[in-house]
1. Taking the C-alpha atoms of region 1-119, how large are the radius of gyration and the largest Cα-Cα span, Dmax, in Å?
2. For a paramagnetic label modelled at 7 Å from the Cα of residue 40 toward its Cβ, which residues of region 102-136 fall within the zone defined by backbone nitrogen distances under 13 Å?
3. For the chain, what is the calculated [θ] at 222 nm in deg cm²/dmol (nearest 500), taking -39500 (n - 2.57) for each run of four or more DSSP H residues and dividing by its residue count?
4. So how much slack lies between residue 55 and residue 8, counting 0.36 nm per residue of separation and subtracting their Cα-Cα distance, in nm?
5. Highest GNM mean-square fluctuation, the chain, Cα pairs closer than 10 Å: which of 75, 180, 286?
6. Note down the nm distance, to one decimal, between modelled labels 7 Å out along Cα→Cβ at residue 132 and at residue 284.
7. What whole number of Å gives the distance from the Cα centroid of region 131-192 to the Cα centroid of region 1-74?
8. So how strong a dipole does the chain carry about its Cα centre when Lys and Arg Cβ are +1 and Asp and Glu Cβ are -1, to the nearest 20 debye?
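Nothing in this text is a laboratory measurement; each read-out follows from the coordinates by a stated rule. All figures in this text were calculated on a predicted structure; none of them were measured in a lab. With ideal geometry, Cβ positions are generated from the backbone for all residues, glycine too; neighbour counts draw on all protein chains shown.
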Amino acid sequence: MIIYNSIHSIKKPRAKTAVSIGVFDGVHLGHQRILAEAAKCARKLGGKTCVITFRDHPDECLGKTGKVLMIKGAEAKLRRLKKCGVDIVVMLKFGEIRRMNAVEFTENLLLEKLNAACVVAGKDFNFGKGGRGRTQLLRKLGEKYGFKTVIIPDFVVAGKRVSSTLIRRYIKKGDIRMVERMLGRPYAIAGKVERGRGIGFEFKTANIKLPYADMPARGVWAVRVVHKSGSYIGAANIGFAPTLKALDEALLEVNILDFNRDIYGDEIRVIFLERLRDEKKFKSREALLEQVEKDICYIRRKYIDRRKGAKTVSQVKI
């Protein structure tokens, strides 16, 4: 997969391209449908699939909202786009194109830079300065300049239109089942295990500084941990550890059950199964310890003792 980080760095492809445009935060089922259609168009053209996407969120850049906490960071998005078979990604800062009107965007970027012969977009797609260009204008420009336009209908799950905005809300609420249904895969965070500050108690944890702008709702979760040695059930806390540590930045701490290895520096993937409770500050270390023991007993009963015959993570699409 070829990645360009600015308009000026793009080398115009010789082959025609099928282009899709958007933030693609989370690369959810709606995005996957758009990408699949773009791939279909590219095959018919004998060309390449191309995605124009952004490191920042357009609404944030335009002052329509405050800080937008993304489902995943840029690098995770790139990995997911590669898995979807995208050939070329143009990863821009939104400011690079915010002043282009719809015609300039079409002429200068889609045609001159990317050799577009097909543009695939969702029904709510808008483009050009101020977002004034809609799908109707895109079709008209396609007729004028000779590229095909394909508009994809909404993807609906449980009667709700799948969108990154809605998924972010479900993540914050801790409704991991709806997150999984809309993403089309389990929600997971991957990272390298780092050494903590050594402030804690009997329960050893694998610590990961969260690499993404967003994170699941803070609190205690039942999780499945995938390590090169296998897959394990664990109890995870996301937050600032107010009782013992009072951290400045949120941390993902995972107590991997029935596991006693030195894995500092190793990569692990943490798959979120169920949110148990909010993070809270306890009156004492002993009160915290008592609650953690209860959390672990619950997780062990539900996810280990009762599921001896359950599928392992290696059998589940991640």
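1. Cα only, region 1-119: 13.8, 42 Å (Rg, Dmax).
2. Within reach of a label on residue 40: 120-121.
3. On the way: 7 runs with 76 residues, N = 318.
Value at 222 nm, helices only, nearest 500: -7000 deg cm²/dmol.
4. Values: separation 47, 0.36 × 47 = 16.92 nm, distance 1.63 nm.
Net length gain for the segment: 15.3 nm.
5. Maximum among the listed residues: 286.
6. About 6.8 nm, to one decimal.
7. The two parts, judged by their Cα centres, are 12 Å apart.
8. Details: 65 positive and 34 negative charges, 200 e Å.
The calculation lands at about 960 debye.
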